[in-house]
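Note sheet for the following structure.
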Amino acid sequence: MSDVSNGASAGEGHPGFGRMFGEGRLTVGLFLPLRQYAGDMEVLKGALEVVKQADASPFAAVWARDVPLFDPGFGDAGQVFDLWTYLAWLAAHTQHLALAAGSAIFTLRHPIDLAKQATTIDQLSGGRLVLGAASGDRASEFPAYGIDHLTRGERYRDAVEWFRELTEVTRPAISSGLGRLGGGVDLLPKPAFGRVPLVVTGSSQQKAEWIAGNADGWLVYPGSVYGEGPKALGAKAAAWRELIPGGAFKPVATNEWIELVEDRHQKPTPLRGGFVMRTGTEGLLELLGRWQDAGINHAALGVQHGRRPPAEAVAQLIEEVAPHFPALAGPEPKGLEW
């Protein structure tokens with residue numbers, strides 16, 4: 001296999017990546033689902049209309065998760081719809097938003113399937129896919145796939161290398177524990193703009209040096225959003241960037257679950273042991289500004305744990321928050337009529 005640890009980045013050439021990420025800038029995205037599934041699919045209705053409103057706004061991205069199996073013991077069903085089917089649905093009904101996978105479980109999927117699905121979405125959307133890649137945190141899923149949870153780190157590295165070869169090399173020659181290709185066949189389609197941006201999620205059982213060399217960006221958990229928390233997150237991002245080969249810019253993204261209240265002046269307060277931040281607009285703007293000052297480039301905001309109708313909360317985000325951290329003027333998506 002060729003060496004993919006070269007610090008290369010999707011950079012400015014990819015519409016989805018360019019819309020989300022710029023040095024010294026922070027953009028915001030909308031994390032789906034808008035309501036937490038608790039046994040009734042009705043709570044998921046209406047999300048598409050909200051996403052369409054976000055598509056016509058300064059929001060940079062819409063995020064969807066990859067959760068193959070529901071584990072009641074985990075406490076959160078996460079994403080109910082299949083990641084790739086849902087992204088295809090969203091791609092067909094939007095024109096501007098980056099389509100962010102947050103994140104595909106690279107250890108549970110064969111990289112041929114991952115590559116085929118990812119490049120298909122990227123082509124159908126005109127180059128709007130930004131692919132978060134995770135090693136999997138729901139241990140109960142692994143036995144069902146016949147995969148060892150404890151050795152997922154090695155499988156993850158293999159899957160990333162396969163993914164790069166399959167999507168960026170013509171008739172690749174690949175051999176590892178995941179299978180063997182002898183260079184006689186190829187994977188189609190290739191990405192719309194030469195590369196699908198790959199954003200590593202958390203540590204994914206890897207060393208920071210490996211992530212810095214192999215990822216196009218890093219999706220990192222925010223830690224505390226109070227007090228010195230944003231400064232600590234910024235220090236973590238800065239230390240990681242010191243490891244990037246050649247000093248190239250690679251973005252850092254994070255996320256936060258919020259309960260946005262109508263009162264702009266409501267001070268931020270933690271809910272659910274700090275898992276959710278209850279806040280008014282001004283408190284959220286302050287947090288996002290501190291993240292931007294700390295070198296964070298994108299914040300995915302989720303409203304699923306709030307008590308208000310999600311359409312109301314997102315409308316408030318569109319009006320009062322997104323214009324302060326708007327999507328960037330990256331390359332235009334390809335206007336293809338499939």
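The values are calculated or read from the model by the stated rules, or taken from the named source; none is laboratory data. All of these numbers come straight from a predicted model, not from anything done at the bench. Here the Cβ is made from the backbone with ideal geometry for all residues, glycine too, and neighbour counts use every protein chain on show.
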If I ask for residues that are assigned to a helix (DSSP H, G or I), over 25 Å from residue 122 (Cα atoms) and not hydrophobic (A, V, I, L, M, F, W, C), which ones from the stretch 55-82 would you list? 72, 73
When the residues of the stretch 71-118 are filtered to those that are in contact (Cβ under 8 Å) with a residue 60 or more places away in the chain and surrounded by fewer than 23 Cβ atoms within 10 Å (Cβ to Cβ), which remaining residue is nearest to residue 31 (Cα to Cα)? 96
For the condition closer than 24 Å to residue 43 by Cα and either of a type in the set (Val, Ile, Thr) or touching a helix residue (DSSP H, G or I) at 6+ places or on another chain (Cβ under 9 Å) (or both), what is the one hit in 288, 301, 336? 301
What is the number of the single condition among (1) buried (at least 22 other Cβ atoms within 10 Å of the Cβ); (2) closer than 30 Å to residue 293 by Cβ; (3) at pLDDT 95 or above that residue 66 does not meet? (2)
In the stretch 83-112, what residues are assigned to a strand (DSSP E or B) and among the hydrophobic types (A, V, I, L, M, F, W, C)? 98, 99, 100, 101, 104, 105
Using the structure shown, decide if residue 290 is among the charged types (D, E, K, R), touching a residue at least 40 places away in the same chain (Cβ under 8 Å), assigned to a loop (DSSP other than H, G, I, E, B) and over 30 Å from residue 123 (Cα atoms). no
Considering the stretch 212-260 alone, what residues qualify as being among the aliphatic types (A, V, I, L, M), over 19 Å from residue 289 (Cβ atoms) and in a loop (DSSP other than H, G, I, E, B)? 215, 243, 244, 248
Matching residues, the stretch 171-206, being in a strand (DSSP E or B) and either of a type in the set (D, E, K, R) or surrounded by 12 or more Cβ atoms within 10 Å (Cβ to Cβ) (or both): 173, 174, 176, 179, 180, 181, 198, 199, 200, 201
If I filter the stretch 119-135 down to residues being touching a Phe, Trp or Tyr at 6+ places or on another chain (Cβ under 7 Å) and outside any strand (DSSP E or B), which single residue comes out as surrounded by the fewest Cβ atoms within 10 Å (Cβ to Cβ)? 124
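Identify all residues within the stretch 55-110 that are among the β-branched types (Val, Ile, Thr) and under 25 Å from residue 154 (Cα atoms); write none if there are none.
67, 105, 107
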In the stretch 143-170, anything within 18 Å of residue 203 (Cα to Cα) and part of a helix (DSSP H, G or I) is listed as 152, 153, 154, 155, 156, 157, 158, 159, 160, 161
Looking at the stretch 293-338 only, could you name the residues that are in a helix (DSSP H, G or I) and hydrophobic (A, V, I, L, M, F, W, C)? 311, 313, 314, 315, 317, 318, 322
Answer from 56, 60 - the residue that is surrounded by 24 or more Cβ atoms within 10 Å (Cβ to Cβ) and either over 17 Å from the mean Cα position of the chain (by Cα) or closer than 20 Å to residue 201 by Cα (or both): 60
Whichever residue in the stretch 23-43 is hydrophobic (A, V, I, L, M, F, W, C) and surrounded by fewer than 17 Cβ atoms within 10 Å (Cβ to Cβ) and, among such residues, is farthest from residue 257 (Cα to Cα): 41
Quick check: is even one residue across the stretch 31-53 under 15 Å from residue 300 (Cα atoms) and either assigned to a strand (DSSP E or B) or without any contact (Cβ under 8 Å) to a residue 40 or more places away in the chain (or both)? yes
Based on this model, can you work out whether residue 234 counts as out of contact with any strand residue (DSSP E or B) (no Cβ under 8 Å at 6 or more places or on another chain), modelled with pLDDT under 95 and over 29 Å from residue 75 (Cα atoms)? no
Among the numbered criteria (1) closer than 27 Å to residue 47 by Cα; (2) crowded, with 17+ Cβ neighbours inside 10 Å, which single criterion is violated by residue 250? (1)
So residue 209 ticks every box in (1) farther than 23 Å from residue 290 by Cα; (2) surrounded by 23 or more Cβ atoms within 10 Å (Cβ to Cβ) but one. Which box is left unticked? (2)
